[in-house]
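*Asks:* Quick one: this structure, given as structure tokens, is what I'll be asking you about.
Rule-based calculations on the coordinates, nothing more; no lab input. On a predicted model such as this, the values are computed, not experimentally measured, just so you know. Here the Cβ is made from the backbone with ideal geometry for all residues, glycine too, and neighbour counts use every protein chain on show.
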Amino acid sequence: MKTELRVCFSALLVIFVAATPAVFAQTPELARTPPMGWNSWNCFRLNISDAIIRAEAEAMATNGMKAAGYEFVVIDGGWEGFHDTNGIFHSDPNRFPDMKALCDYIHGLGLKVGIHTSPGPKTCAGHEASYGHEKQDAETFARWGIDFVKYDWCSGDEVYKPDEMQTAYKKMSDDLKATGRPIFFSLCQYGMQNVWQWGALVGGQMWRTTGDISDNYNSVILHGLEQNGLEKYAGPGHWNDPDMLEIGNGKMNDEEYHSQMTLWCLLAAPLFAGNDLTKMSPATLKILTNPEVIAIDQDAAGVQGHCAWPEGPTEIWTKPLADGSTALGLFNLDAHAMTIIVNFKSLGLPETVQARDLWLRKDLGTFQHRLTVSVPRHGSVLLKVKK
């Protein structure tokens, strides 16, 4: 009987999510479109400090990223100090002597601040985390001026049973809400227990659906393609998160970085840069700030795209947009250039369409029935088509 009830509840949950995405999120006003920002982890790992975070925030505020929509500066693992005898969380006094002052500085740039902690006793790096101090930590974060909490499972398995995971996340969510400060809640538990089915129910605005990403093409493309089929769980207020952008970290070429940005925008994924913003090349900045590409991610309809046509090492992804047009992502997963024929009928498109290349920011003209595109190795083309 209990098993049958669980099955019925899961089925009902799937229907409910698919039918009412905006209602399903408890606080959609925090994430009506996918969040955008920067996170310290991919580039700096634990080697962060007040000075580094200030420099990255200033770069974001002045290099065009803020104007493009990036707003969160997320301090990932490495800031943690200790809980004092009263249970109050303190940042590392050597590297982050005054977290409130740092938050005030970032807010003064017109940006928002995020922070990382864990429901377990320790972070993934063995630093102090929030177990047993959830309410106090939430209050401390609010007092500092934190706008975003990344809650990383890390040592959660040491203190929680598997069936207590949702309870652990809901506890921090409730404690954050109780502070009265709007704080974006990001679940990071690597897609365990089909988090996309319950992440919004425990108060999350986004949830990781994958393990950690790496700066190589196979990792990036797999993280993105794994999102196919999860589109019914995404929408205004609640987003699937295939992890951060690796663009500009140096181990892929620009075509491969284009492919990550193309795919993440079709997925309506959170866009969190993970490179050193103070040292990036003009080419990297151009990829991260292309307004027409970002507009696909931030489209008001909030629809996550899906793979509509796979053939060998090539795929076509589609994403319906609020203005009635369609975004098409053409991907070549092969190590050699490939030609992709876009058959309008097979994709449910009108017989005649006008097409625009969003990376080139160029109108391609009017096409009937099909169009043919050459796509470089590991590359992508992002089109917007309309009748």
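*Asks:* Cross-link partners among lysines for residue 170, C-alpha distance below 21 Å, same-chain residues fewer than 8 apart left out?
*Replies:* Straight-distance partners of residue 170: 122, 135, 150, 161.
*Asks:* Can I ask one more? Which residue, 183, 234, 206, has the largest displacement toward the positive end of the dipole of the chain when charges sit on each Cβ (Lys, Arg +1; Asp, Glu -1)?
*Replies:* 234
*Asks:* Near residue 293, within a Cβ-to-Cβ distance under 11 Å, what is the net charge of the other residues, with Lys and Arg +1 and Asp and Glu -1? All intermediate terms of the calculation are to be shown ahead of the outcome.
*Replies:* Values: positive: 286, 361, 384; negative: 292, 297, 357.
Summing Lys/Arg as +1 and Asp/Glu as -1 gives 0.
*Asks:* Let me ask something additional. With a 10 Å radius around each residue's Cβ, average the other Cβ atoms per peptide and rank 123-131, 261-269, highest first.
*Replies:* 261-269, 123-131
*Asks:* Which ³J(HN,Hα) values in Hz, rounded to whole numbers, follow from the phi angles of region 232-242 under the Karplus curve 6.51 cos²θ - 1.76 cosθ + 1.60, where θ = phi - 60° and Gly and Pro get x?
*Replies:* Whole-Hz 3J(HN,Hα) from phi for region 232-242: 5, 9, 9, x, x, x, 7, 9, 6, 10, x.
*Asks:* How far is the Cα center of region 359-373 from the Cα center of region 129-199, in Å?
*Replies:* With region 359-373 and region 129-199 each reduced to a Cα centre, they are spaced 46 Å.
*Asks:* Over all distinct Cα pairs, what is the inverse of the mean 1/r for region 160-273, reported as the Kirkwood hydrodynamic radius in Å? Show your work: numbers first, answer last.
*Replies:* Details: mean 1/r = 0.0672 Å⁻¹.
Radius from the Kirkwood sum: 14.9 Å.
*Asks:* Report the residue, chosen from 144, 317, 207, that carries the largest GNM mean-square fluctuation when the chain is represented by alpha-carbon nodes joined by springs under 10 Å.
*Replies:* The residue with the greatest mean-square fluctuation here is 144.
*Asks:* Determine the sum of side-chain charges near residue 43: Lys and Arg each +1, Asp and Glu each -1, restricted to other residues whose C-beta is under 15 angstrom from that of residue 43. Display every interim value, and only then the final one.
*Replies:* On the way: positive: 45, 251, 279; negative: 56, 76, 212, 215, 243, 246, 276.
Value of the local net charge: -4.
*Asks:* Let me ask something additional. Quick one: Cα centre-to-centre distance for region 298-337 and region 255-277, in angstrom?
*Replies:* About 14 Å separates the Cα centre of region 298-337 from the one of region 255-277.
*Asks:* Using all C-alpha to C-alpha distances in the chain, build P(r) with 10 Å bins and read off the rounded percent in each one.
*Replies:* For the chain, the binned pair fractions read 5, 23, 32, 24, 11, 4, 0, 0 percent.
*Asks:* For 219, 173, which order do you get if you count the other beta carbons within 10 Å of each Cβ and list the fewest first?
*Replies:* On the way: 219 19, 173 24.
Placing the least packed residue first, the sequence is 219, 173.
*Asks:* Which of the listed residues, 144, 173, 192, is farthest toward the dipole's positive end in region 2-297, when Lys, Arg count +1 and Asp, Glu count -1 at the beta-carbon?
*Replies:* Positive-end residue among those listed: 173.
*Asks:* Right, next: Could you give each residue of region 48-57 its phi-based ³J(HN,Hα) in whole Hz, using Karplus coefficients 6.51, -1.76, 1.60 with θ = phi - 60°, and x for Gly or Pro?
*Replies:* 10, 7, 3, 5, 5, 5, 4, 5, 5, 5
*Asks:* Could you identify which residue out of 241, 98, 323 has the top mean-square fluctuation in a GNM of the chain using Cα springs shorter than 10 Å?
*Replies:* Residue with maximal mean-square fluctuation among 241, 98, 323: 323.
*Asks:* Also: Answer with one residue from 77, 105, 327: the one whose Cα lies farthest towards the positive end of the charge dipole of the chain, charges on Cβ with Lys, Arg +1 and Asp, Glu -1.
*Replies:* Result: 327.
*Asks:* Helix 165-178 against the longest principal axis of the chain: what's the angle in degrees, Cα atoms only, rounded to the nearest 10?
*Replies:* Roughly 70 degrees, rounded to the nearest 10.
*Asks:* Share of Cα-Cα pairs in region 55-204 beyond 18 Å, in percent? Please report the intermediate quantities before stating the final value.
*Replies:* Details: 6338 of 11175 pairs.
Summing the P(r) tail past 18 Å for region 55-204 gives 57 percent.
*Asks:* Remind me, relative contact order of the chain in percent, using alpha carbon pairs under 8 angstrom and six or more residues apart? Before the final figure, lay out the partial values.
*Replies:* Working: 837 pairs, mean separation 57.6, N = 387.
For the chain, the relative contact order is 15 percent.
*Asks:* Once you keep just the Cα pairs under 8 angstrom separated by 6 or more residues, what percentage relative contact order results for region 306-386?
*Replies:* Values: 175 pairs, mean separation 27.2, N = 81.
The value is 34 percent.
*Asks:* Report the Rg/Rh value for region 274-387, based on alpha-carbon coordinates and the Kirkwood definition of Rh.
*Replies:* On the way: Rg = 14.7 Å, Rh = 15.0 Å.
Taking Rg over the Kirkwood Rh, I get 0.98.
*Asks:* Something else about it: Kindly provide the helix-only [θ] at 222 nm of the chain, computed as the sum of -39,500 (n - 2.57) over DSSP H runs of four or more divided by all residues, to the nearest 500 deg cm²/dmol? Intermediate results must be reported in sequence, preceding the final value.
*Replies:* Details: 12 runs with 115 residues, N = 387.
When only DSSP H runs of four or more count, the value is -8500 deg cm²/dmol.
*Asks:* Leaving out same-chain residues fewer than 8 places away, which lysines sit with a Cα under 20 Å from that of residue 66?
*Replies:* 112, 279, 286
*Asks:* With springs only between Cα atoms under 10 Å, which of 137, 276, 363 fluctuates most in a Gaussian network model of the chain?
*Replies:* 363
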